[in-house]
1. Taking springs between alpha-carbon atoms closer than 10 angstrom, which of Phe97, Phe60, Phe45 fluctuates most in the Gaussian network model of the chain?
2. At a Cα cut-off below 17 Å, give the aspartates and glutamates reachable from Lys85, other chains included and same-chain residues fewer than 8 away excluded.
3. Rg over Rh of the range 60-113, using C-alpha atoms and the Kirkwood radius, what does it come to?
4. Taking all protein chains as present, what is the carbon and sulfur share of the accessible area of the chain, in % to the nearest whole number, probe 1.4 Å?
5. Report the relative contact order of the chain, percent, no decimals, based on alpha-carbon pairs under 8 angstrom and at least 6 residues apart.
6. At q = 0.14, 0.15, 0.17 Å⁻¹, what is the base-10 log of I(q)/I(0) for the chain according to the Debye formula with one equal point scatterer per Cα and no solvent? Please give it to two decimals.
7. Given the peptides 32-43, 99-110, arrange them by the average over their residues of other C-beta atoms within 10 Å, most packed first.
8. Provide the per-residue ³J(HN,Hα) series for the range 56-68, in order, calculated from phi with Karplus coefficients 6.51, -1.76, 1.60 and θ = phi - 60°, each as a whole number of Hz, with x at glycine and proline positions.
Amino acid sequence: MAYDEQHHRLLIVCRKPGTLLVMDSDNGKVIEQLPAAERSDDIAFDTESGRIYVPGGEGFTSVFQLMSEDKYELLAKVKTEPGAKTCLLVPSLARLFVAVSPGETKAPAKVLIYQVK
């Protein structure tokens, strides 16, 4: 989960099916429900740009844009790698770090780095 304090919105990612839920934190009403990357363990929200990043274990990250208080749009599906399901957004560096877990495979773990601005 992440919190948009300015708009009082709780941003919740669900794993299966992959879904981004946007909830009004004042009354609990679901404002928006959008398809997102599946098997995600994380979500990142950039308060400055209004972008939401949902990394998915199946090999892509969903990027959403806050259009208005109650409107969100899917901007992109960015190709990552299977197992890339956690992230760290560092706005001051304009970077999104996505961790790739090898899971049951013998592949090495790694961190993917994306420029976000």
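The values are calculated or read from the model by the stated rules, or taken from the named source; none is laboratory data. The model shown is predicted, which means the values in this text are computed figures rather than measured ones. Positions of Cβ are backbone-derived with ideal geometry, glycine not excepted, and every protein chain shown enters the neighbour counts. These area figures cover heavy atoms from the full protein model, side chains too; ligands, DNA and RNA do not enter into them. Shrake-Rupley method; radii C 1.70, N 1.55, O 1.52, S 1.80 Å.
1. Maximum among the listed residues: Phe97.
2. Glu38, Asp41, Asp42, Glu58, Glu104
3. 1.07
4. About 54 percent, which is the carbon plus sulfur part of the accessible surface.
5. This gives 16 percent for the chain.
6. -0.53, -0.61, -0.77
7. 32-43, 99-110
8. Along the range 56-68, the couplings run x, x, 8, x, 8, 10, 7, 10, 10, 10, 6, 8, 7 Hz.
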